[in-house]
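Since the structure comes first, as C-alpha cells, the remarks are kept for the end.
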C-alpha cells in the first residue's frame, strides 16, 4: 500500500481527512499525522510516506518551508498543498517547488479522490518503470556494533541540532537510511527517533531543574516547536514540562 501522511495544525481537519476518504480502495493508508512542519520533519523518517498532504499555514515551519526541506531529502515524495483562498495565489507562486497539486480548503471529498487517483497512477507508473526505485541500495557487509556505538555518541553530541535526523546521520556515516534504521533497531532495541528523542528529553529534564521556560528548553534541545516538544516531554516524563519544573526546580 502507498503510505500517506497528513500535516496540518488543525486536528479536526486531520481527523476529517482520515475518516472521509476510502483509502483502502486507492491502495493507500494513512500512516501518520503531524501538527506542524517541524514535527513532520522529526517523524518523517519513521513514517516513510509516499504522499504528504501539507497545510500551507502552520506555526514554526509552514507548508512551503516544509516542502523545500522534505523534497530535498525525499525527491520522490508527492506533496499536495492545502491552502485557504486568501493564500492560494501565494501558494501558486511557489512554482519552483515540486508540488503535485494545490487544493483549496475546505476540501471536497470528490476532488480529493480525483487527485489521489492521479497520484496513484503516477506511483503505479513509477513502480512499474523501476520496481526497485523505492528502495535504497544497501552497502555490502554488516554494520558492526562499534559503528552503532559511534552513531549513538554522534547523536548524543549533536542532538541540539534541529536538522539532525535519520537521513542526515546515515549520510554522515555512509549508510543508506533504511539500512541504518534496521541495524540501529537490531543493535539497540530502539528505533532511531526514539533514541534521539530520549537524548533530547533527558537534556530537557536537566534544564527543567534550572527552572528554564518550556519555549527556551525546547529550542535548547533541538525541537524549536514547543507544542511538539510538550507532547514529547509528557510522553517521556509522564507529566507536563511545567508540572515537572514546579515539582523539581531547586529540588
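Things to note:
- Here residue 27 does not fit the description of being crowded, with 22+ Cβ neighbours inside 10 Å and in contact (Cβ under 8 Å) with a residue 60 or more places away in the chain.
- Contact map, the range 105-122: residues that are free of Cβ contacts under 8 Å to residues at least 40 places away in the same chain paired with residues that are not in a helix (DSSP H, G or I), Cβ distance under 6 Å, separation 6+ or inter-chain. Pairs shown: 115/101.
Residues checked against (1) under 19 Å from residue 102 (Cα atoms); (2) in contact with a helix residue (DSSP H, G or I) (Cβ under 9 Å, 6 or more places away or on another chain); (3) in the same structural domain as residue 227 (by TED's automatic domain parsing):
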position	(1), (2), (3)
36	yes, yes, no
45	no, yes, no
52	yes, yes, no
59	no, yes, no
63	yes, yes, no
75	yes, no, no
78	yes, yes, no
83	yes, yes, no
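- Of all residues making up the range 44-66, the number that are closer than 26 Å to residue 190 by Cα and surrounded by fewer than 20 Cβ atoms within 10 Å (Cβ to Cβ): 3
- Identification of helices (runs of 4 or more DSSP H) wholly contained in the range 172-236 with 3 or more residues that are under 30 Å from residue 132 (Cα atoms) and either free of Cβ contacts under 8 Å to residues at least 24 places away in the same chain or not assigned by TED's automatic domain parsing to the domain that holds residue 36 (or both) yields 177-188, 192-209.
- Any hit, the range 154-167, residues being modelled with pLDDT under 90, more than 18 Å from residue 70 (Cα to Cα) and part of a helix (DSSP H, G or I): no
- Yes/no for residue 119 being in contact with a strand residue (DSSP E or B) (Cβ under 6 Å, 6 or more places away or on another chain) and either farther than 26 Å from residue 20 by Cβ or modelled with pLDDT of 85 or more (or both): yes
- Among the strands (runs of 3 or more DSSP E) confined to the range 1-103, the ones with at least 1 residues that are farther than 27 Å from residue 170 by Cβ are located at 51-55, 78-83.
- Candidates 108, 69 - the one that is farther than 26 Å from residue 222 by Cα and either surrounded by 15 or more Cβ atoms within 10 Å (Cβ to Cβ) or over 13 Å from the mean Cα position of the chain (by Cα) (or both): 108
- Any hit, the range 36-49, residues being under 13 Å from the mean Cα position of the chain (by Cα) and modelled with pLDDT of 95 or more: yes
The values are calculated or read from the model by the stated rules, or taken from the named source; none is laboratory data. Computed from a predicted model, the values in this text were never measured in an experiment. Here the Cβ is made from the backbone with ideal geometry for all residues, glycine too, and neighbour counts use every protein chain on show.
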